[in-house]
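Inspection log for the structure reproduced underneath, given as structure tokens.
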Amino acid sequence: MRDTRSLSGKSSFRPEDYQDPRSLKEYVKRLQADGRNQHNHGVYIETLDGGEPVAMLNETTEFNPASVIKLATTLAALNKLGVDYRFRTEFRAGGEINQQTGELDGDLILLSGGDPSFSIANARQVGEMLNRRGVRKINGALVVVGNFTCDQNTNAKNSAEIFRKETKLNFRSPTRYQTFLEYEPRGSSLLTIESDSLLNIVQYLNARSVNSMADMLASHIGGARGVQKFMVEEVGIHTYSVYISHASGLEVNRMTPRDTVKLLRAMIQWLAKRNLNPSDVMAVAGIDSGTLRGRFGGNKFAGSVVAKTGTLYSTDTGVAALAGVMYTRNRGTLLFAVYDVAEGKRVKQLRPLQDELLRQIIIECGGPHPQARPPEIGNHSKLESRVIGLMKDIVTSK
């Protein structure tokens, strides 16, 4: 029989000491009152210091984490590339530039470095830079070499069309696509667009849960399989308890609440070694823009939850997920994962239940103790790229 133990107590933990907190019991009651099956819902919360369980419900059951998978992609990418890594997209002239007519007598070659954040602003910037050089017309094609995305569009052809349109350059021929194996280096370099740092990119994509950015980022680490391999070999999750089909969390993926917390612990340890915090890669609820902007707001709880959301509206009958860290006065930092299957009902109805559960857990642990940055700072509202390697006579004041 379990011993009664206060969440805010400081006694040494023993497995037999665990007892479901009042807030978890109330959470289950609310689920049942809404006609939901508690076996379709998973919760695991533990202390950062000591790893003491705080709340457990179907914690070893595999659920669809939805976009929480982006945290695995984030850690795998950071571990391989580093926080300061920047992606480069180079543009080359496949012919001579006729200054009198403003024509490039050849192709405009785009060498993609797999930048997940390449934007419409970048495309316009390329057009402006070339226009300053006197180039207004391309008497050839746009040749896209490598995997390219623009404006968070996962379709390469759509991305190329967006790029062509936003540069306002006149192309004579249709776009051609090549792999780097097919490409034979030619022409002269015109300019290169260098992305923001990888650290800022992952914070941006996690706060806004941008699927295309996560999938493109994963292409640098072996795709979804590479992320899954990282989870098994580096995080230490059992090979049979994790399945990743999309690095963005789309469609069918599997992970348990307990293993999700294990991932969070690995991430926090990795960040701490580099003097970084969870808020450097995830959104601060109630403060940062993005999917958590309207959750855990107000003076009391704002800044006390740093997390990643996950939502699927039809796959697995709908999924609402939330995982991250909570800061409490009496139990310190808590790591948590909450997975809810919608069971064919509205997914949005599950979010208030999740928020109430976590708020009550925080209260039972002595109340919120915000550690995240204050509201006036917030996260990056946009990513900052820069132009490097300009061809002679091309200048920029940016």
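Every number here is computed from the coordinates shown, using simple stated rules; none is lab data. Because the structure is a prediction, the values reported are computed rather than measured. As a convention, Cβ positions derive from the backbone with ideal geometry for all residues, glycine included, and neighbour counts pool all protein chains shown.
Computed from the Cβ-Cβ distance with R0 of 30 Å, the FRET efficiency linking Ser241 to Thr154 stands at 0.60. Placing a label point 7 Å from the Cα of Asn170 along the Cα-to-Cβ line, the residues of segment 102-143 whose backbone N sits under 14 Å from it are 102-105, 135-140. Taking the chain as a Gaussian network of alpha-carbon nodes connected by springs under 10 Å, the highest mean-square fluctuation of the residues Glu90, Glu103, Glu16 belongs to Glu16. In this calculation the C-beta distance from Arg329 to Gln178 is compared with R0 = 51 Å, giving a FRET efficiency of 0.30.
Pick out, in residue order, every one of the trypsin sites (Lys or Arg not before Pro) in segment 254-303 that is DSSP loop and has at most 13 other C-beta atoms within 10 Å; say none if there are none. When the trypsin sites (Lys or Arg not before Pro) of segment 254-303 are filtered for loop state and at most 13 Cβ neighbours within 10 Å, Lys273, Arg274 remain.
Helices assigned as whole DSSP H runs in the chain whose Cα atoms extend at least 27 Å along their own long axis and whose mean Kyte-Doolittle hydropathy is 1.0 or higher are not found. In the chain, the calculated helix contribution to ellipticity at 222 nm averages -8500 deg cm²/dmol per residue, counting -39,500 (n - 2.57) for every DSSP H run with n ≥ 4.
When the GluC sites (Glu not before Pro) in segment 209-284 are filtered for DSSP coil states and for at most 15 other beta-carbon atoms within 10 Å of their beta-carbon, the remaining sites are Glu251. Value of Rg to Rh for segment 88-195, rounded to two decimals, is 0.93; Kirkwood radius and Rg both from alpha-carbon coordinates.
The charge dipole of the chain, taken about its Cα centre with unit charges on the Cβ atoms of Lys, Arg (+1), Asp and Glu (-1) only, comes to about 660 debye.
For the listed residue pairs Lys29/Lys70; Lys229/Lys348; Lys70/Lys382; Lys157/Lys308; Lys308/Lys348, the alpha carbons are over 26 angstrom apart in Lys29/Lys70; Lys229/Lys348; Lys157/Lys308. Shown here for segment 205-295: chymotrypsin sites (Phe, Trp or Tyr not before Pro) in loop regions (DSSP other than H, G, I, E, B) with at most 12 other Cβ atoms within 10 Å, namely Tyr240.
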